[in-house]
Every structure is written in C-alpha cells, then in structure tokens.
1. May I ask you to order 136-142, 172-178 by the average number of other C-beta atoms within 10 Å around their residues, highest value first?
2. As a quick test, which of the pairs Lys34/Lys160; Lys162/Lys186; Lys147/Lys181; Lys68/Lys158; Lys106/Lys186; Lys117/Lys160 have an alpha carbon distance above 28 angstrom in this structure?
3. Which FRET efficiency value, to the nearest 0.05, is calculated for Met136 and Arg102 with the Förster distance at 41 angstrom and r the Cβ-Cβ distance?
4. Rounded if a/c is under 1.5, else prolate if a/b is larger than b/c, else oblate: which is the stretch 115-191, with a ≥ b ≥ c the root eigenvalues of its Cα gyration tensor?
5. Pop a pseudo-label 7 angstrom from the Cα along the beta-carbon direction at both Arg82 and Glu16 and give the gap in nm to one decimal.
6. Lone cysteines in the chain, defined as no other cysteine's Cβ under 4.7 Å from theirs: which are they?
7. Tell me, how many Å apart are the Cα centres for the stretch 17-79 and for the stretch 96-139?
8. What distance in nm separates the simple spin-label points at Ala74 and Gln31, each placed 7 Å from Cα in the Cβ direction?
Amino acid sequence: MMETNVTSASASPLAEAVLGESGQNVNLCYQCGKCAAGCPVSYAMDYKPVQLIHAIRLGMDDLVLNSKTMWLCASCETCTTRCPQEVDVAKVMDAVKITALRKGIKPAIPQVASFYKAALSNIKICGRMYELGMIMGLKMRTFEFFKDAAMGMKMFRKGKLKMIPSLTGAMRTRRIFRRVKNIEDKNHSTA
Ligand code: SF4
Ligand code: SF4
C-alpha cells in the first residue's frame, strides 16, 4: 500500500500529480535545504533537490519535467532520511520521472531511462538481474556497443558475468509484474 505523508490536496497541478503518484505532499517542505546538503549527486544536478521541490510547488512544469535532477537521483534516500518534514524526497524524484514519461517528455538523460528499461525487462524475463543480458539489452537501446567494453571484458575474465542466466524464481517474479500492472491499470481507470 502507498504510504502518504498527508491526505490534503496540493496547490499546483504538478504537486497534485506528485501526490497522486507517490503520496508525498511537497507543500510540507519549508526549504531548509537538508535534502540537497546530503545528496551525493547534487553537484551534477541542474537543480538541487530543494530547488526541484520548490519548482514543483510553484507549478514550473517545464523546468521540472525537463530537468536532469530526477534522472541523476541514485535513490539512496539520504534526503528522505534527513527531511525534518518527513517528505520522502526519493519518492518525489520517482514520481516526477513517472509524470514526465506519462506526458511523453523525453528523459533529459536518456541513458538512465534506457538502463531502467533494460534492467526491468531483464528481471521480468529472468526473475533476477542477469548482468550479461542486461548489458546486451542496454546496448541495443543506446547503440553504444563499444562503451565500457574493456571493463566488460575484465569482469568477464574475473567470472563476474555469467554466460547462462539462472531462472530460479522467474515465474514468481513474472506474477509480481502482472500484479503490479493490474494495480496500475486499476488506479488509472479510477483516476
Ligand atoms: S535519493 Fe536521490 S535526491 Fe535523495 S539524496 Fe539520494 S540521490 Fe539525492
Ligand atoms: S529536507 Fe525536506 S523540508 Fe528541507 S528542503 Fe528538503 S524537502 Fe524541504
């Protein structure tokens, strides 16, 4: 069940969308900046987590949905742990990504979106991460066939990349994917 930090509606339609996707009300944020101060990748973001939250509250859809910030988020949850207002900032980042994709906005860092898709489809098929299959799926999506090839060879020589996937639990994982899809379809038909 989705955890919510409030039940009331938020001001901007984008804040409403974030509330609907994640159960998080960004209007609780009082801009203390603790989330940004602890974020290990904020140096590379175009807008720090605290800025993105503020932009969501102001309804700055273009800025938020085209930002690199949520695509760079590593889901480490440091921000979530630090927030004195109990805003789950990591969940907000996920909600913004989902909202952008639903609106057909191209991810600002397409390689990250490709990685998510490759990883998820790999887990759906194999039941768990099969690294070699995931790498091949990623290469097919990004067309960067030779990127990190030297590192891949090194991993292969050290036995870190298996040729044959283990399919233990694959059926159970597929059932989980099906259940999630049903829940999502139900939520969207009632939205
Ligand atoms: S979850 Fe994302 S935004 Fe939060 S601290 Fe980690 S990387 Fe930064
Ligand atoms: S830590 Fe929480 S209250 Fe502080 S700026 Fe970040 S989201 Fe807002």
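1. Numbers: 136-142: 16.1, 172-178: 12.6.
Going by the mean number of other Cβ atoms within 10 Å, highest first, we get 136-142, 172-178.
2. Lys34/Lys160; Lys162/Lys186; Lys147/Lys181; Lys68/Lys158
3. Numbers: r = 28 Å, r/R0 = 0.68.
Efficiency, rounded to the nearest 0.05: 0.90.
4. Numbers: a/c = 4.61, a/b = 1.85, b/c = 2.49.
Oblate, since a/c reaches 1.5 and b/c is not below a/b.
5. In this crude spin-label approximation the distance works out to 3.2 nm.
6. Cys29, Cys32, Cys39, Cys73, Cys76, Cys83, Cys126
7. Value for the Cα centre distance between the two parts: 21 Å.
8. With each label point 7 Å from Cα toward Cβ, the separation is 2.9 nm.
FYI, it's all coordinate maths here, none of it is from the lab. All values derive from a computational prediction rather than experimental measurement. So basically every Cβ, Gly included, is an ideal-geometry build from the backbone, and we count neighbours across all protein chains shown.
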